[in-house]
Amino acid sequence: MIPLQRTPLPAKSERLLARWTDRVAAAGGDSQAARGCWTAADAPKRHIRGALEPMAHGNLRCMYCDDSRATDIDHFQPIAHAAQRAFDWPNHLFACSHCNSNLKRDQYPTDPHGTCLLVDPTVDDPADHLVLLLRSGTYEPVPGSPKGQPTIDVFGLNRSELVKGRLDAFVLARSTIRDWFGLVQDCDPDAARTARALLDSPFVDVVHAMTRLKPSVAPHVVGPRTVPALDAWRSTYG
Ligand SMILES: [Zn+2]
């Protein structure tokens, strides 16, 4: 999971969503009313998708797992918990069907004060709550973070296919960063294109974690052969 920048919704879209929020209230304001409105809301969904797509990285990757293509508009706070937020733009994220429909569904853990215990990558910096261990491909909670473990559990961030994908991505990213560094040293214009391709690839969370490695631990994680390239990469894209 990487931090994402939420962009403001165009005024026309804001007005449209506000009308649909009124429609939910007029239909009773409960989750059944909201679900009924959401099912029929073709135009609002088009507007929301149009705003979410530029926020997703690469080829419209899921905002939670960074692997599969995002296909579903996820209500971060589910309709079952907050019917009045069905058409609330800050509550919409783009997810793959596995993260959205198979795993998260209506889960929305909170602490006793009602504070959500899930990382929202458009609000939180995931690195404040989650550590990606590059050599195992798994996430661990940041010690003391109340959101780390619930986020790993609810989004299934350590499911086997993601762990394998991250391990493969780590091998490829090390190699690509070394290639990129060679192109930079040769003043080859393909360097920028190579960097872009890496940043647009699945499991970009692996590249982010590499970029944030402390120089003191980097040799042990990426290997001494990659360190000069990673130092250059960090100073350019860190
Ligand atoms: Zn996903």
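The numbers here are math on the coordinates, done by the rules we state, and not lab data. Since we're looking at a predicted model, the values are computed, not measured. Counting neighbours? That spans all protein chains shown, and the Cβs are built from the backbone with ideal geometry, glycine included.
To the nearest 0.05, how large is the calculated FRET efficiency for S97 and D128 if R₀ is 25 Å and r is the Cβ-Cβ distance?
Details: r = 28 Å, r/R0 = 1.11.
Efficiency for this residue pair is about 0.35.
How much space per residue, in cubic angstrom, does the convex hull of the C-alpha atoms of the range 89-164 take up?
Numbers: hull volume 7.7 nm³, N = 76.
Hull volume over Cα atoms, normalised by residue count, gives 101 Å³.
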Given that compact globular proteins tend to follow 2.2 N^0.38 Å, what is the ratio of the alpha-carbon Rg of the range 160-237 to that value? 1.05
Taking the alpha-carbon centroid of each part, what is the distance from the range 141-180 to the range 19-47 in angstrom? 36
Per DSSP helix of 4 or more residues, -39500 (n - 2.57); summed, then divided by the residues of the chain. What does that give at 222 nm, rounded to the nearest 500? -13500 deg cm²/dmol
Which FRET efficiency, nearest 0.05, do D190 and K12 yield, Cβ-Cβ r, R0 35 Å? 0.30
Roughly how many debye, to the nearest 20, is the charge dipole of the range 160-237 about its Cα centre, given +1 on each Lys and Arg Cβ, -1 on each Asp and Glu Cβ, and no other charges? 300
As I understand it, the value is the acute angle between the Cα axis of helix 227-237 and the longest principal axis of the Cα atoms of the chain; what does it come to in degrees, rounded to 10? 40
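Note the full-extension length gain between S235 and D22 as 0.36 nm times their separation in residues minus their Cα-Cα distance, in nm to one decimal.
On the way: separation 213, 0.36 × 213 = 76.68 nm, distance 4.88 nm.
This chain segment gains 71.8 nm when fully extended.
When only C-alpha pairs under 8 Å and at least 6 residues apart count, what is the relative contact order of the chain, in percent? Display every interim value, and only then the final one.
Details: 330 pairs, mean separation 43.3, N = 238.
Computed value for the chain: 18 percent relative contact order.
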Quarter of the Cα convex hull surface for the range 11-124, i.e. its orientation-mean projected area (nm²): 7.3
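Net charge near A25, counting Lys/Arg +1 and Asp/Glu -1 over other residues with Cβ under 13 Å of its Cβ? Don't jump to the answer; show the numbers that get you there.
Working: positive: R19, R23, R85; negative: D22, D30, D88.
With Lys, Arg at +1 and Asp, Glu at -1, the net is 0.
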For the chain, alpha-carbon Rg and Dmax in angstrom: 19.8, 66
Per-pair calculated FRET efficiency, R0 = 35 Å: R159 and S216 via Cβ, rounded to 0.05: 0.65
For the range 184-238 and the range 100-137, write down the distance between their C-alpha centroids in whole Å. 26
